[in-house]
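Single-structure report; data block below.
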Amino acid sequence: MIVAVILSAGESSRMGRPKALLPIDGMRFIEKIVTALRSTRVGEIVAVLGHNADEMRQKISDLPVTIVVNPDYKQGQLTSLIAAIRHIESGEKHRVDAILVHLVDHPYINADLVNAMVDRFYETKKLIVVPRHQGRRGHPVIFSRALFAELLAAPLDQGAKTVVHAHRDQTLEIDTDDAGVTVDIDTPEEYRKHVEEK
């Protein structure tokens, strides 16, 4: 089984309001991501919350996700990944082969691409699977269970990048025409641009 992990713990300081709750295409960012993931072969969806976790939990209570709260979110994004892995390892009812990590400020996620990534992960036995659009890597990213210990031990200030760099030869890049894999909406200007383009 692969568990999808949506990282949504940050303060959204540059946006000025929670990115998870921003409307796009008639739904909230996090709702758009969850809706896409529900039509894929991931076995569970975990949302990691941090800033204003109680309020956020109430506002997304309608979504079919397992909520994990990261009290250390101010120490960086990796702490949210660590919180998710610890949650998965503490309560495994089913064998978890990998996590598929997605960021809440990347609202465009393609279910067909996710399924292709999952298939290629199992076919190739690579440790990391990442989509690439016009030479740029994007999200989501699959991390094999074999990397959980390394992710748990990685330097917080450098995040998962150290683990990715250490396993270049065990990384599968999947080229895609889907520009959404590299769309990162961090600021009001970027948000307006993408909403207006629609």
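The values are calculated or read from the model by the stated rules, or taken from the named source; none is laboratory data. Predicted model only: the values in this text are computed from it and were never measured. In this analysis, Cβ positions are derived from the backbone assuming ideal geometry, glycine residues included, and neighbour counts consider all displayed protein chains.
Points to keep in mind about this one:
- Matching residues in segment 87-129 - criterion: being modelled with pLDDT of 95 or more, surrounded by fewer than 17 Cβ atoms within 10 Å (Cβ to Cβ) and closer than 16 Å to ALA149 by Cα: ASP97
- Scanning segment 27-57 for residues that are under 27 Å from MET117 (Cα atoms) and in a loop (DSSP other than H, G, I, E, B) returns SER39, THR40, ARG41, VAL42, GLY43.
- Extreme residue, surrounded by the most Cβ atoms within 10 Å (Cβ to Cβ), among residues of segment 24-46 that are touching a residue at least 40 places away in the same chain (Cβ under 8 Å), more than 20 Å from ALA98 (Cβ to Cβ) and not β-branched (Val, Ile, Thr): PHE29
- Yes/no for PRO140 being under 14 Å from the mean Cα position of the chain (by Cα) and at pLDDT 90 or above: yes
- Residues of segment 107-126 that are hydroxyl-bearing (Ser, Thr, Tyr) and closer than 22 Å to ARG168 by Cβ: TYR122, THR124.
- Any pair with Cβ under 6 angstrom, 6 or more apart, that starts in segment 146-163 at a residue that is farther than 18 Å from LYS126 by Cβ and ends at one that is modelled with pLDDT of 90 or more and of a type in the set (S, T, N, Q): ALA154/THR162; LEU156/GLN75; GLY159/GLN77
- Flag for MET15 being modelled with pLDDT under 95, out of contact with any strand residue (DSSP E or B) (no Cβ under 6 Å at 6 or more places or on another chain) and either assigned to a loop (DSSP other than H, G, I, E, B) or not β-branched (Val, Ile, Thr) (or both): yes
- Condition check for GLY138 on (1) free of Cβ contacts under 8 Å to residues at least 12 places away in the same chain; (2) of a type in the set (Gly, Ala, Ser); (3) touching a His at 6+ places or on another chain (Cβ under 9 Å): one failure, at (1).
- Within segment 51-65, residues that are within 16 Å of ILE6 (Cα to Cα) reach partners that are hydroxyl-bearing (Ser, Thr, Tyr) and not in a loop (DSSP other than H, G, I, E, B) with beta carbons closer than 7 Å, at six or more positions or on different chains, in the pairs HIS51/TYR73.
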